[in-house]
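Reading through the structure tokens given below for one structure.
The values are calculated or read from the model by the stated rules, or taken from the named source; none is laboratory data. Because the structure is a prediction, the values reported are computed rather than measured. Cβ atoms come from the backbone with ideal geometry, glycine included; neighbour counts cover every protein chain shown.
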Amino acid sequence: MPVMSGIESAFCRSTPWRSFAGRIVLPWALDGHSFTGDVLEIGGGSGAMAAGLAQRFPAANITVTDVDEAMVNAARAQLARFAAVTADVADVTSLPFAACRFDAVMSYLMLHHVIDWREAIAESSRVLKPGGEFLGYDLTDTRLARWVHQVDGSPHRIIAPDELINGLLGAGFTRITVRRAVHGHVMRFHAHKPAKT
Ligand SMILES: C[S@@+](CC[C@H](N)C(=O)[O-])C[C@H]1O[C@@H](n2cnc3c(N)ncnc32)[C@H](O)[C@@H]1O
């Protein structure tokens with residue numbers, strides 16, 4: 001089920017975006033962190049970030065999900081060369097995975113398309129193992145972001161950094177960092193599901 005406008009969908013599947021996302025955005029978003037084990041990317045689009053993850057972390061098993069079947073098909077085509085990567089249709093507000101399944105959940109530029117973004121965060125927490133990491137980046141509540149999405153017509157709910165922190169706290173995350181970047185237009189976030197004591 002597509003949730004973005006045709007223009008934005010085409011942009012996310014385009015070669016320039018895929019190249020920019022993998023070479024420039026991903027290293028910035030990862031902020032020096034590395035991963036092994038089971039990694040879930042929510043709203044993974046055409047697999048631009050997942051391809052970069054698979055190249056950087058060959059020991060990780062990566063599951064890419066998106067609610068839009070056309071995106072998942074594009075991701076499958078792009079990611080077929082990586083044996084440890086699978087792509088599936090899934091709505092982040094109702095993930096088809098058992099609790100405590102993943103070591104890390106990643107969310108790149110997708111939360112603002114999920115009107116019920118708090119449920120997306122709650123689901124990300126549920127499928128994480130204790131001690132697991134939730135990280136990513138998103139747009140912030142700037143006039144430009146609101147204007148672009150109003151013109152473009154994609155359903156959206158732009159999140160302010162304070163709202164995101166409160167949402168992460170509400171979902172039980174700890175050690176939360178949310179930092180604005182790129183002149184305040186985006187925010188990078190990182191949080192942990194508490195380890196069992
Ligand atoms: C702006 S694109 C970003 C795609 C990818 N993360 C990237 O960086 O190239 C946002 C993606 O989120 C997906 N999406 C929106 N709502 C979703 C939901 N409820 N569950 C899963 N994916 C969703 C869209 O279909 C789209 O592929």
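The set of residues in the stretch 113-138 being under 12 Å from the mean Cα position of the chain (by Cα) and either within 17 Å of residue 40 (Cα to Cα) or at pLDDT 95 or above (or both) consists of 114, 117, 120, 121, 124, 134, 135, 136, 137, 138. Residue pairs whose Cβ atoms lie under 8 Å apart, separated by 6 or more positions or on different chains, with the first residue in the stretch 1-28 and hydrophobic (A, V, I, L, M, F, W, C) and the second more than 9 Å from the ligand (Cβ to nearest atom) and in a helix (DSSP H, G or I), are 1/69; 7/152; 21/52; 26/52; 26/53; 26/56. Among the residues of the stretch 96-112, are any exposed (fewer than 15 other Cβ atoms within 10 Å of the Cβ), of a type in the set (Gly, Ala, Ser) and out of contact with any His (no Cβ under 6 Å at 6 or more places or on another chain)? Yes: the stretch 96-112 contains one or more residues that are exposed (fewer than 15 other Cβ atoms within 10 Å of the Cβ), of a type in the set (Gly, Ala, Ser) and out of contact with any His (no Cβ under 6 Å at 6 or more places or on another chain). Looking only at the stretch 26-41, residues that are crowded, with 20+ Cβ neighbours inside 10 Å and at pLDDT below 95 come to 0 in all.
In this structure, does residue 5 turn out to be over 15 Å from the mean Cα position of the chain (by Cα), within 18 Å of residue 57 (Cβ to Cβ) and more than 8 Å from the ligand (Cβ to nearest atom)? Spell out the reasoning first.
Numbers: over 15 Å from the mean Cα position of the chain (by Cα): yes; within 18 Å of residue 57 (Cβ to Cβ): no; more than 8 Å from the ligand (Cβ to nearest atom): yes.
So residue 5 fails the test.
Does any residue of the stretch 53-65 turn out to be within 11 Å of the ligand (Cβ to nearest atom) and under 21 Å from residue 120 (Cα atoms)? Taking every residue of the stretch 53-65 in turn, at least one turns out to be within 11 Å of the ligand (Cβ to nearest atom) and under 21 Å from residue 120 (Cα atoms). The residue that is nearest to residue 146 (Cα to Cα), counting only those in the stretch 92-115 that are β-branched (Val, Ile, Thr) and without any contact (Cβ under 8 Å) to a residue 60 or more places away in the chain, is 115.
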